[in-house]
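Take a look at the structure set out below.
The values are calculated or read from the model by the stated rules, or taken from the named source; none is laboratory data. Please read these numbers as outputs of a predicted model, since none were measured by experiment. Here Cβ is always computed from backbone atoms with ideal geometry, including for glycine, and neighbour counts include all displayed protein chains.
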Amino acid sequence: MSMFRNQSITLSAMALSVACGFAGSQAYGEDWPQFRGPNRNAISEERGVWKNMKGDGPKLDWICEGLGEGYASVSVVGDRAYSTGNQDGGQAVVAIDTTSGTRLWVTPLTNDVPDHGYKGSRCTPTVDGNRLYVVASNGQIVCLDTETGKINWQRPFSDWNGKMMSGWGFSESPLVDGDWVLCTPGGDDAMIVALNKLTGEEVWRSQVPAAGEEKDRQGRGLSNGAAYSSIIVSNGGGVKQYVQLVGRGVIGVRANDGKFLWRYNGVANAVANIPTPIADGNYIFCSTAYGVGTALLELKKSGRDEVKMREVYFKEAKNIQNKQGGSVLVDGFIYCGHGDGQGMPICINMKTGEKAWGPIRGAGQGESSVIYADGHVLYRFQDGTIALVEANPKAYNLKFSFKPEYQERESWAYPVIANGKLYLREQNKLMCYEL
């Protein structure tokens, strides 16, 4: 199932892919045009990337300085990488030449540095042809030209009375789907909006009805507004819909007109809902931390273009809770970091929620983010440690781990694999390693 109504991003990635031989097998590269990869599922289709790996890790190609302050990851298309960061006096988008590691352009988005906890940018740009889209942490969506960095259009979230569930800044990466770009202002009558990607003109807005006072499983009152997740596409129940984790839980809205379809507040906390859900056929896997837990939802058709949601299972936080590093689904099993601030590697059967192995302390400390490539899950821990773990539900098998060239503060930016290289954002620096 493709998440795009057209294949512009996927096809451009394929067209720009490179191929090279490795000792009797082929290694194929692909672009990484948005948050969590080509299909927003943290999966890279590259092959042969670990063939030349040694115990001390990959070879450092270059380090680029000048990204600014931030926790955003990077998107990579062709010979360019893009990210966001707080520069002097404001938040900006940065373009980098991936062949040399030099900055190509910097475009300011704000007139001052957004004021929120853990200062810095959050948004990984979304690249679509010659345009890229970002959400600044002060609450605005901006479309820029990939070649020059010129702003094509921008709209503040105040147009939709936007708000966050808590005070750490807007953090999502926009979703491009066909002729539209979607984002989550979090307004009472505009939780999600679809915009014409060329002009920024509103196509529709989706209202999520109030359900009275709601509390999380710890008895804390839930807050309306956007959370820290990014929108995905599901065709669950035979109805195309946009799925998002917001302040009051996971929601589904109909793709063609934004009509509210369903909501599940069993996975929501009153502090910060962060991990992007995973769509798999008629199922939605979702998790949140701060003492809440994890659930699997099933979507079934209910009338004309309607969907009914049911909880398949809920696992308490002591069993599995993913705080901020996301999950990846491989052959029916979920791999992620478990624990509130611990990020311990764990593997569970998605359909049953039963633990296959873990949690295991792992090679690093603190939270961990994950991506998958070529039979392995790559963990990046908060202390900067990189660990490669075999995607095997039978046992935890650590293949190697290494500390990157540079580490600062919390290494929360998700790792990226694109065109045979590993990219690690660390505040003002971007490291590129050869795979």
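List of remarks:
- Condition check for Tyr423: under 17 Å from Val94 (Cβ atoms), modelled with pLDDT of 95 or more, in a strand (DSSP E or B) and of a type outside the set (D, E, K, R): yes
- For Gly221, the criteria (1) within 22 Å of Asp305 (Cα to Cα); (2) surrounded by fewer than 24 Cβ atoms within 10 Å (Cβ to Cβ); (3) among the small types (Gly, Ala, Ser) hold in every case but one, which is (1).
- Taken together, the criteria exclude Pro345 from residues that are modelled with pLDDT of 95 or more, under 25 Å from Leu424 (Cα atoms), within 19 Å of the chain's Cα centre (by Cα) and not in a strand (DSSP E or B).
The rows are residues; the columns are (1) touching a Phe, Trp or Tyr at 6+ places or on another chain (Cβ under 7 Å); (2) under 23 Å from Lys315 (Cβ atoms).
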site	(1), (2)
Met164	yes, no
Ser171	yes, no
Val193	yes, no
Lys197	yes, no
Gly212	no, no
Gly219	no, yes
Leu222	no, yes
Ile278	yes, yes
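- When the stretch 233-280 is limited to residues that are at positive phi, out of contact with any Leu (no Cβ under 6 Å at 6 or more places or on another chain) and touching a residue at least 40 places away in the same chain (Cβ under 8 Å), the one that is surrounded by the most Cβ atoms within 10 Å (Cβ to Cβ) turns out to be Gly258.
- Subset of the stretch 100-136 (residues that are basic (Lys, Arg) and modelled with pLDDT of 95 or more): Arg103, Arg122, Arg131
- The set of residues from the stretch 97-134 being more than 17 Å from Ala418 (Cα to Cα), in a loop (DSSP other than H, G, I, E, B) and of a type in the set (Val, Ile, Thr) comprises Thr110, Val113.
- Counting only strands (runs of 3 or more DSSP E) that sit wholly inside the stretch 141-221, those with at least 3 residues that are touching a residue at least 12 places away in the same chain (Cβ under 8 Å) and more than 16 Å from Arg254 (Cα to Cα) are 151-156.
- Every condition in (1) at pLDDT 95 or above; (2) not in a loop (DSSP other than H, G, I, E, B) is met by Phe400 except one, and the failing one is (1).
- Evaluation of Ile192 against the conditions (1) over 27 Å from Tyr414 (Cβ atoms); (2) in contact with a Lys or Arg (Cβ under 9 Å, 6 or more places away or on another chain); (3) buried (at least 17 other Cβ atoms within 10 Å of the Cβ) shows that the sole unmet condition is (1).
- Single unsatisfied condition, Gly362 versus (1) at pLDDT 95 or above; (2) of a type outside the set (Phe, Trp, Tyr); (3) in a loop (DSSP other than H, G, I, E, B); (4) touching a Pro at 6+ places or on another chain (Cβ under 9 Å): (1)
- Every pair of residues 6+ apart whose Cβ atoms lie under 7 Å, when the first sits in the stretch 100-117 and is surrounded by 15 or more Cβ atoms within 10 Å (Cβ to Cβ) while the second is part of a loop (DSSP other than H, G, I, E, B) and of a type in the set (Lys, Arg): Val113/Lys119
- Single condition Val312 does not satisfy, out of (1) within 27 Å of Met164 (Cβ to Cβ); (2) in a strand (DSSP E or B); (3) of a type in the set (A, V, I, L, M): (1)
- A Cβ distance below 6 Å, combined with a sequence gap of six or more or placement on separate chains, defines the contacts here; from the stretch 71-94, residues that are without any contact (Cβ under 8 Å) to a residue 24 or more places away in the chain reach residues that are surrounded by fewer than 24 Cβ atoms within 10 Å (Cβ to Cβ) and not small (Gly, Ala, Ser) in the pairs Asp79/Thr98; Asp79/Thr99; Gly90/Pro108; Gly90/Thr110; Gly90/Asn111; Gly90/Asp112.
- Residue within the stretch 289-307 that is at positive phi, of a type in the set (Asp, Glu) and in contact (Cβ under 8 Å) with a residue 12 or more places away in the chain present: yes
- Strands (runs of 3 or more DSSP E) enclosed by the stretch 23-84 - at least 1 residues per element that are modelled with pLDDT of 95 or more, surrounded by fewer than 20 Cβ atoms within 10 Å (Cβ to Cβ) and in contact with a Ser or Thr (Cβ under 9 Å, 6 or more places away or on another chain): 59-65
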